[in-house]
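Heads up: the structure comes next, in structure tokens.
The values are calculated or read from the model by the stated rules, or taken from the named source; none is laboratory data. Small disclaimer: the values here were computed from a predicted structure and weren't measured. Counting neighbours? That spans all protein chains shown, and the Cβs are built from the backbone with ideal geometry, glycine included.
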Amino acid sequence: MNGNYRAKLSSGRTVTAKAHNKIVEIFGVTVAKVDDQFRIKFLETFWDPAELFRQLISEGLEELQEGEKVEGIEVGGECPAGAHK
């Protein structure tokens, strides 16, 4: 992770986790639906986003206020964004 991680909170405030220059590992499973010629028609990926976030904020994150939740994420630099369902 060599780019900062930013998240927009439910309050509208944005918090940032500074880049920590460590490898971020993400594990999951992808299921592919194919046609009779094995051409991919649909992909669905299952993964644990909480594990990704724990690694991204391993060096700390600005404190959340009570009741605030992460509504969306924004990733900068070379930080991996993970898989999407």
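Go through segment 7-17 and give me each residue that's surrounded by fewer than 16 Cβ atoms within 10 Å (Cβ to Cβ) and in contact with an Asp or Glu (Cβ under 6 Å, 6 or more places away or on another chain).
Residues of segment 7-17 surrounded by fewer than 16 Cβ atoms within 10 Å (Cβ to Cβ): 8, 10-14, 16.
Residues satisfying the conditions are 8, 10, 11.
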Please enumerate the residues belonging to segment 13-43 that are touching a strand residue (DSSP E or B) at 6+ places or on another chain (Cβ under 9 Å), assigned to a loop (DSSP other than H, G, I, E, B), free of Cβ contacts under 8 Å to residues at least 60 places away in the same chain and closer than 25 Å to residue 55 by Cα. 18, 26, 27
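To keep it simple, each residue is scored yes or no on (1) among the charged types (D, E, K, R); (2) at pLDDT below 85; (3) at positive phi.
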| site | (1), (2), (3) |
| --- | --- |
| 11 | no, yes, no |
| 15 | no, yes, no |
| 26 | no, no, no |
| 35 | yes, no, no |
| 49 | no, yes, no |
| 53 | no, yes, no |
| 57 | no, yes, no |
| 69 | yes, yes, no |
| 73 | no, yes, no |
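Could you tell me which residue of segment 44-60 is farthest from residue 14 (Cα to Cα), considering only residues that are assigned to a strand (DSSP E or B) and of a type outside the set (A, V, I, L, M, F, W, C)?
Initial filter on segment 44-60 (assigned to a strand (DSSP E or B)): 44-47.
Retained after the next criterion (residues that are of a type outside the set (A, V, I, L, M, F, W, C)): 44-45.
Values: 44: 29, 45: 27 Å.
This residue is 44.
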